[in-house]
1. Does the range 279-322 hold any residues that are surrounded by 21 or more Cβ atoms within 10 Å (Cβ to Cβ), within 22 Å of the chain's Cα centre (by Cα) and among the aliphatic types (A, V, I, L, M), and which are they?
2. Pairs under 8 Å by beta carbon, first residue under 14 Å from ILE242 (Cα atoms) in the range 307-318, partner aromatic (Phe, Trp, Tyr), six or more apart or different chains?
3. If you go through the range 235-253, how many residues are touching a residue at least 40 places away in the same chain (Cβ under 8 Å) and either in a helix (DSSP H, G or I) or out of contact with any helix residue (DSSP H, G or I) (no Cβ under 8 Å at 6 or more places or on another chain) (or both)?
4. For the range 191-243, name all the residues that are modelled with pLDDT under 85 and crowded, with 16+ Cβ neighbours inside 10 Å.
5. When both residues are 6+ apart or on different chains and their Cβ atoms are under 8 Å apart, which pairs have a first residue that lies in the range 213-234 and is in contact (Cβ under 8 Å) with a residue 40 or more places away in the chain, and a second that is outside any helix (DSSP H, G or I) and of a type outside the set (Gly, Ala, Ser)?
6. Among the numbered criteria (1) of a type in the set (A, V, I, L, M, F, W, C); (2) closer than 23 Å to LEU238 by Cα; (3) modelled with pLDDT of 90 or more; (4) more than 22 Å from the chain's Cα centre (by Cα), which one does MET147 miss?
7. For PHE257, are the conditions met, namely being under 16 Å from THR112 (Cβ atoms) and not in a loop (DSSP other than H, G, I, E, B)?
8. Out of the residues in the range 165-185 meeting the condition of being surrounded by 13 or more Cβ atoms within 10 Å (Cβ to Cβ) and not hydrophobic (A, V, I, L, M, F, W, C), tell me which one is farthest from GLY106 (Cα to Cα).
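The values are calculated or read from the model by the stated rules, or taken from the named source; none is laboratory data. Note that the coordinates shown come from a computational prediction; the quantities given were computed from them, not determined experimentally. Backbone-built Cβ (ideal geometry, glycine too); neighbour counts: all protein chains shown.
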Amino acid sequence: MRESALHSMTDKALTKPLRRNSVKRMVKENIALFLLTLPAILYYLIFHYTPMVGVILAFKDYKYSEGILGSSWVGFKNFEFFFTSMDAWRITRNTVSYAGVFIVLGNIAAVTVALLLFEVRGKLALKFYQTSMIMPKFLSWVLVGYMTYALFNPSLGYFNQIIHFFGFESIDVYSNSKYWPYIIVSVEIWKTVGLSSIIYYAALMSVDPELFEAAKIDGAGRLRQIFAISLPSLTPVLTIIIILAIGNLFRGDFGLFYQIPRDIGVLYPTTDVIDTYVYRGLRSGDFGISAAVGLFQSVVGLILIVISNWIVTKIRPENALF
């Protein structure tokens, strides 16, 4: 017994220096990688984690003169005000509906474009297609908003000039909200499909070419190869992207929903989302309600990610995010 105790104590004494040395060796060997990730770490600490201190505003009646700590505590009254307001159902419905459509149509479009790119053999043509499709992603929403306005301007827009040329009456889309679900979805897919398709294209490039060769020998055509090899190979990447997208189900792209419809009140029934509602609240000084809505967004997003990842772990654990 005494010898075993001595052995265990000796093992522990030897293990500590080994662990310490292994940590030092790991830091020394990966110091360049740590330095490369440092800007990203600082970015998230400064702009994502530090502002979380302001979550206390969701439970206070904030006043400028009293400050964050001095403002009176109101508990869940800000949440109660939001959930009983006429805007709660509208903005929640719009946010979730648009996010769901973006997940479905956006991924279908991205996978389709990736499969088409995978069939392109010319390097010059491939670079041209990739560059031309990625370009819209780097355009600001302000610029895209002006492009949309130039297209749908009630009097001088290209769209109205074309339909007027063919004898139809002009359509003022900026005074009718029923057109905007189609416009917003089209603009979002146009802007994001290029970069999203590159992710799937990279996944296709990692597939063993011998699988396609074997399928050809067995007589499988292009369509059969897509369903038997390409799409199953994209499943892990597609699953992770969908899980992350589900976490943003209650979050809309502020630039898309603010700049494209130009914040016109008559279009709110189909263009107003949680993010634009929060912005208007901040602009009018309703910090408590805006913080409450933002906290509601974040909590629901976290719950959705955990639930969707749990479902994936039960069905196919190797495709789960964590």
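1. Looking only at the range 279-322, we keep the residues that are surrounded by 21 or more Cβ atoms within 10 Å (Cβ to Cβ), and these are 287-294.
Filter once more, so that each one left must be within 22 Å of the chain's Cα centre (by Cα): 290-294.
The answer is ALA291, ALA292, VAL293.
2. ASN309/PHE322
3. Step one: filter the range 235-253 for residues touching a residue at least 40 places away in the same chain (Cβ under 8 Å), giving 235-236, 238-253.
Imposing the further condition that a residue be either in a helix (DSSP H, G or I) or out of contact with any helix residue (DSSP H, G or I) (no Cβ under 8 Å at 6 or more places or on another chain) (or both) reduces the set to 235-236, 238-247.
The number of residues fulfilling the criteria is 12.
4. Once the filter is applied, which keeps residues that are modelled with pLDDT under 85 and crowded, with 16+ Cβ neighbours inside 10 Å, the range 191-243 yields only ALA220.
5. ARG222/GLU119; SER230/VAL207
6. Of the numbered conditions (1) of a type in the set (A, V, I, L, M, F, W, C); (2) closer than 23 Å to LEU238 by Cα; (3) modelled with pLDDT of 90 or more; (4) more than 22 Å from the chain's Cα centre (by Cα), the odd one out for MET147 is (2).
7. On the way: under 16 Å from THR112 (Cβ atoms): no; not in a loop (DSSP other than H, G, I, E, B): yes.
So PHE257 fails the test.
8. Residues of the range 165-185 surrounded by 13 or more Cβ atoms within 10 Å (Cβ to Cβ): 170-174, 177, 179-181, 183-185.
Those left that are additionally not hydrophobic (A, V, I, L, M, F, W, C): 170, 172, 174, 177, 179, 181.
Numbers: SER170: 30, ASP172: 27, TYR174: 25, SER177: 22, TYR179: 19, PRO181: 14 Å.
Filtering the range 165-185 for residues that are surrounded by 13 or more Cβ atoms within 10 Å (Cβ to Cβ) and not hydrophobic (A, V, I, L, M, F, W, C), the one farthest from GLY106 (Cα to Cα) comes out as SER170.
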